[in-house]
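Note sheet for the following structure.
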Amino acid sequence: MRKALGWMLSLVVLLGTLSAAGGTAGAATAADPDGTDIRERILAIPGMRLIEEKPYPGYRFFVLDYRQPVDHRHPRAGTFAQRLTVLHKDTSRPTVFHTSGYNVSTVPRRSEPATIVDGNQVSLEYRFFTPSRPQPADWSLLDIRQAAADQHRVFTALKRVYRARWIATGGSKGGMTATYYERFHPGDMDGVVAYVAPNDAVNDEDSAYDRFFERVGTPECRARLAAVQREALVRREPLQRILRAHARDGGYTFRTVGSLDRAYEAVVLDYAWAFWQYGLLSDCETLPEARYASDRELFDSIDAVSGFSAFSDQNLATYTPYYYQAGTELGSPDITQPHLRGLSRYGYQPPRNFVPRDIPMRFLPRAMRDVDRWVRHRATRMMFVYGENDPWGAERFRLGRGARDSYVYTAPGANHGADVAGLTAGERAEATAAIQRWAGVAPAAVREDPSKAAPLARPDALLDREEPRTLRP
């Protein structure tokens with residue numbers, strides 16, 4: 001989750017800038033052949049409400065909410081409004097169903113699969129992330145099956161409008177979300193593209209992460225990261241004085257995690273993970289020489305990489321749904337970091353420490369084991385893309401004998417932002433051709449020779465900005 005957490009809610013683009021930006025190929029189709037405007041068609045769906053429409057060249061972009069059952073097993077027990085967006089191009093084009101697993105961005109954005117197929121995009125906010133939180137909040141209804149049912153209802157409603165093929169996608173927790181949706185509703189989508197999706201099938205066995213950190217990057221880079229962590233724990237008191245001033249200035253408190261000391265150590269222990277999740281091997285040159293660095297230099301480096309506000313009450317409040325799920329179904333890594341023995345007071349802290357104590361939590365180990373088995377033996381038209389240097393890929397989805405027309409790729413040198421574009425040339429073309437084939441839009445030349453595959457949409461610097469992918473141990 002780290003420093004990128006703050007980006008999720010603070011990234012804003014002025015509409016005037018968007019309006020002036022260059023568009024993509026073709027103009028959005030405003031009406032169907034019968035003359036009905038696309039907005040009217042979407043709003044004719046029972047339970048759908050328009051929040052606002054934002055302009056974007058070549059598209060129509062709608063911010064909406066949709067009335068959902070709080071409990072899909074008991075649909076009469078109450079409802080809540082779930083936020084979503086629709087980036088409309090043409091009802092004859094395929095539709096990409098995008099999930100981040102967190103809040104939905106209300107700025108027009110296009111996922112990589114949407115550029116590959118040149119299609120529409122529906123993006124859905126995950127239940128219990130505000131404002132898509134039932135009131136009162138019964139946290140026992142925040143689970144992967146209920147979230148998959150949310151997606152199924154949205155798909156069923158919008159399929160009446162967007163009748164061409166659909167592809168599910170998402171990155172990080174969004175990739176997990178797309179995978180779980182496919183597991184529980186395998187008849188909905190025509191394909192799934194899951195980016196950097198962790199698969200913690202056995203929560204208590206995390207040795208894969210330890211092996212990852214023993215090999216990632218270079219020995220010199222690993223040593224430099226470890227030295228910063230050790231020095232930060234040795235200099236705990238002077239660096240915490242800086243943190244107290246930082247907290248006063250920012251209005252941060254640390255009641256949920258228990259103390260400023262616990263929050264401080266959690267950020268320090270997260271430093272190496274955060275570096276590899278969002279950084280590159282070339283960034284090692286920017287790390288301070290721990291022995292010679294001042295207290296401020298150490299503090300600033302750790303703050304820039306893993307973020308000293310990450311475990312504040314103010315930040316945790318936004319991400320309570322994630323930590324709740326990590327502690328009840330998704331699982332979370334626990335890495336040993338032997339170089340910090342004798343200095344660490346708390347070790348890698350569990351998700352329970354980051355959720356208010358008045359919210360009950362009980363871990364259900366069967367949930368991830370079930371999904372893991374299903375992917376291995378039943379996956380059909382599913383694609384998993386990982387980054388070579390991303391710690392979350394240490395425990396990943398794998399395919400077994402029962403999988404059909406499915407793929408697992410690793411982007412060389414990539415971090416948690418890995419994508420199809422970062423694959424080797426041959427795999428990039430193969431993956432692109434598969435996505436276009438699943439969506440029913442592969443050109444004749446690509447059907448004859450998949451090596452010729454390339455995205456069908458023209459690049460757009462604003463629309464194609466990558467959405468931050470946020471997860472933390």
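For the range 86-98, check the following and say yes or no: at least one residue is of a type in the set (S, T, N, Q), surrounded by 21 or more Cβ atoms within 10 Å (Cβ to Cβ) and closer than 24 Å to MET383 by Cα.
Looking only at the range 86-98, we keep the residues that are of a type in the set (S, T, N, Q), and these are 91-92, 95.
Adding the requirement that they be surrounded by 21 or more Cβ atoms within 10 Å (Cβ to Cβ) leaves 95.
Subset that is closer than 24 Å to MET383 by Cα: 95.
Yes, the range 86-98 contains a residue that is of a type in the set (S, T, N, Q), surrounded by 21 or more Cβ atoms within 10 Å (Cβ to Cβ) and closer than 24 Å to MET383 by Cα.
Table: residues versus (1) in a loop (DSSP other than H, G, I, E, B); (2) of a type in the set (Phe, Trp, Tyr).
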residue	(1), (2)
ARG357	yes, no
ARG369	no, no
HIS377	no, no
ASN389	yes, no
TRP392	no, yes
LEU399	yes, no
SER451	no, no
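Only one of GLY279, GLY217 is modelled with pLDDT of 95 or more, within 15 Å of ASP390 (Cβ to Cβ) and in contact with a Leu (Cβ under 6 Å, 6 or more places away or on another chain); which?
Working: GLY279 fails: in contact with a Leu (Cβ under 6 Å, 6 or more places away or on another chain).
The match here is GLY217.
Out of the residues in the range 318-334 meeting the condition of being farther than 13 Å from ILE144 by Cα and under 16 Å from the mean Cα position of the chain (by Cα), tell me which one is surrounded by the fewest Cβ atoms within 10 Å (Cβ to Cβ).
THR318
Among the strands (runs of 3 or more DSSP E) confined wholly to the range 43-126, which include 1 or more residues that are farther than 23 Å from ALA439 by Cα and among the acidic types (Asp, Glu)? Explain how you work it out, then say what you get.
Values: elements: 48-56, 59-69, 79-88, 95-99, 120-124.
Here the list reads 48-56, 59-69.
Among the residues of the range 335-352, write down those that are out of contact with any helix residue (DSSP H, G or I) (no Cβ under 7 Å at 6 or more places or on another chain) and either open to solvent by less than 10 Å² (accessible area, probe 1.4 Å) or in a helix (DSSP H, G or I) (or both).
From the range 335-352, those out of contact with any helix residue (DSSP H, G or I) (no Cβ under 7 Å at 6 or more places or on another chain) are 338, 341-342, 347; that's our starting set.
Scanning the range 335-352 gives a single hit, PRO338.
Taking the options ARG244, ARG215, name whichever one is open to solvent by 10 Å² or more (accessible area, probe 1.4 Å), over 29 Å from ILE359 (Cβ atoms) and either touching a Ser or Thr at 6+ places or on another chain (Cβ under 8 Å) or not acidic (Asp, Glu) (or both). Show your work before the answer.
Values: ARG244 fails: over 29 Å from ILE359 (Cβ atoms).
Result of the check over ARG244, ARG215: ARG215.
Quick one: count up the residues across the range 362-378 that are free of Cβ contacts under 8 Å to residues at least 40 places away in the same chain and either in contact with a Lys or Arg (Cβ under 9 Å, 6 or more places away or on another chain) or aromatic (Phe, Trp, Tyr) (or both).
Of the residues in that region, 2 qualify.
For the condition more than 26 Å from PRO219 (Cα to Cα) and touching a Phe, Trp or Tyr at 6+ places or on another chain (Cβ under 6 Å), what is the one hit in ARG357, ARG401, ARG381, ARG373? Give the derivation first.
Numbers: ARG357 fails: touching a Phe, Trp or Tyr at 6+ places or on another chain (Cβ under 6 Å); ARG401 fails: touching a Phe, Trp or Tyr at 6+ places or on another chain (Cβ under 6 Å); ARG373 fails: touching a Phe, Trp or Tyr at 6+ places or on another chain (Cβ under 6 Å).
When all the criteria are applied, what remains is ARG381.
Report yes if some residue within the range 145-155 is farther than 30 Å from LEU281 by Cα, out of contact with any Leu (no Cβ under 9 Å at 6 or more places or on another chain), aliphatic (A, V, I, L, M) and not in a helix (DSSP H, G or I); otherwise report no.
No, the conditions are met nowhere in the range 145-155.
State the number of residues belonging to the range 60-80 that are open to solvent by less than 30 Å² (accessible area, probe 1.4 Å) and either over 30 Å from ARG458 (Cα atoms) or without any contact (Cβ under 8 Å) to a residue 60 or more places away in the chain (or both). Give the steps one after another, and end with the answer.
Start the filter on the range 60-80 by keeping residues that are open to solvent by less than 30 Å² (accessible area, probe 1.4 Å), which leaves 61-66, 68-71, 78, 80.
So of that shortlist, the ones also either over 30 Å from ARG458 (Cα atoms) or without any contact (Cβ under 8 Å) to a residue 60 or more places away in the chain (or both) come out as 61-64, 66, 68-71, 78, 80.
Count: 11.
The values are calculated or read from the model by the stated rules, or taken from the named source; none is laboratory data. These figures come from a predicted structure and were not determined experimentally. Every residue, glycine as well, gets a Cβ built from its backbone with ideal geometry; the counts of neighbours run over all protein chains shown. Accessible surface areas use protein heavy atoms only, side chains included; no ligands, DNA or RNA. Shrake-Rupley method; radii C 1.70, N 1.55, O 1.52, S 1.80 Å.
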